[in-house]
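Below is one structure, written out as structure tokens, with a few remarks after it.
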Amino acid sequence: LYTATLAMEAETLQERLERQGNHVLPIGLVLRLLTQLCAAVHHAHRHGIVHGNIQPSSVFLHNGEDALLTNFGMKRAYQDGEALAAHLEGGHPAYAAPEQGLGIVHPASDIYALGVLIYYLLGGVLPYNGSSEEEIMLKHASEPIPSLLALRPSLPDAVEVVVRGALARVPEARFSSANALAQALLEAFSTMGVQTVLTQPERRVPV
């Protein structure tokens with residue numbers, strides 16, 4: 001088995017954030033990118049694939065405003081009774097759900113990583129960080145979720161609720177799907193009148 005990833009002459013989301021010097025993008029662009037990423041993750045989950053490696057370096061920006069999700073870990077969801085491994089297999093510890101430290105990967109683990117990405121893009125910092133992989137994983141598993149509104153008070157209160165739902169420690173307490181997360185995020189910003197264009201990817205079929 002193998003996977004193939006499209007090679008692009010485009011910068012990653014991580015490179016974009018580093019290039020601009022601060023990690024806060026315009027809200028309209030953040031919503032556009034996140035809804036596209038949620039659609040990609042939802043499609044993967046429908047086919048039984050867990051990404052397991054969602055982070056800014058795994059996202060290419062096509063034309064600066066269209067997200068292409070790459071670097072799939074191609075992980076199969078954990079099944080009850082399987083052996084556990086007390087380490088993080090692949091992925092970035094700053095975006096890893098608490099259960100991933102035990103070697104358990106669920107579709108809900110990708111929801112958690114998307115929640116971290118939302119926090120990072122809107123707040124400019126990661127919710128949990130540390131000097132080692134073990135320290136970061138421990139914070140994900142034990143520390144309260146830092147307030148996003150404390151970093152950016154101008155955000156609607158509902159955004160805080162969405163982030164906390166995505167970053168719930170128990171997988172079953174998170175959003176039921178990536179599409180549900182995207183919808184909740186859009187509704188949270190609806191009162192601000194944020195302008196963004198949300199388009200479905202065009203499919204071209206040769207005839």
FRET efficiency for residue 102 and residue 57, Cβ-Cβ distance as r, R0 = 22 Å, nearest 0.05? 0.35
Convex hull (Cα only) mean projected area of the range 1-77, reported in nm² to one decimal: 5.4
With residue 60 itself left out, Lys, Arg at +1 and Asp, Glu at -1 over residues whose Cβ is under 13 Å from its Cβ give -4
Quote the FRET efficiency, to the nearest 0.05, computed for residue 134 versus residue 173 with a Förster distance R0 of 30 Å and r equal to the Cβ-Cβ distance. 0.80
Averaged per residue, the 1.4 Å probe accessible area of the range 1-73, protein heavy atoms only, in Å², is roughly 52
Phi angles of the range 158-163, converted by Karplus (6.51 cos²θ - 1.76 cosθ + 1.60, θ = phi - 60°) into ³J(HN,Hα) in whole Hz with x for Gly and Pro, give 5, 5, 4, 5, 4, 4
Hey, rough spin-label estimate for residue 192 and residue 29, points 7 angstrom out along Cα→Cβ, what's it come to in nanometres? 1.4
Going by Cα centres, the range 3-66 and the range 97-144 are how many Å apart? 17
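Carbon and sulfur: what percent of the range 1-76's accessible surface (1.4 Å probe)?
52
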Work through the residues other than residue 168 whose Cβ is under 12 Å from its Cβ and net out their charges, Lys, Arg +1 and Asp, Glu -1. +1
Residue by residue through the range 65-72, which ³J(HN,Hα) values in whole Hz follow from phi under the Karplus form 6.51 cos²θ - 1.76 cosθ + 1.60 (θ = phi - 60°), with glycine and proline marked x? 9, 10, 8, 10, 7, 10, 6, 5
Separation between the residue 149 and residue 6 pseudo-spin-labels, each 7 Å from Cα along Cα→Cβ, expressed in nm? 3.9
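The values are calculated or read from the model by the stated rules, or taken from the named source; none is laboratory data. Quantities reported herein were computed from a predicted structural model and do not represent experimental measurements. Cβ: placed from backbone, ideal geometry, glycine included. Neighbour counts: every protein chain shown. Only protein heavy atoms, including side chains, enter the accessible area calculation; ligands, DNA and RNA are left aside. Shrake-Rupley method; radii C 1.70, N 1.55, O 1.52, S 1.80 Å.
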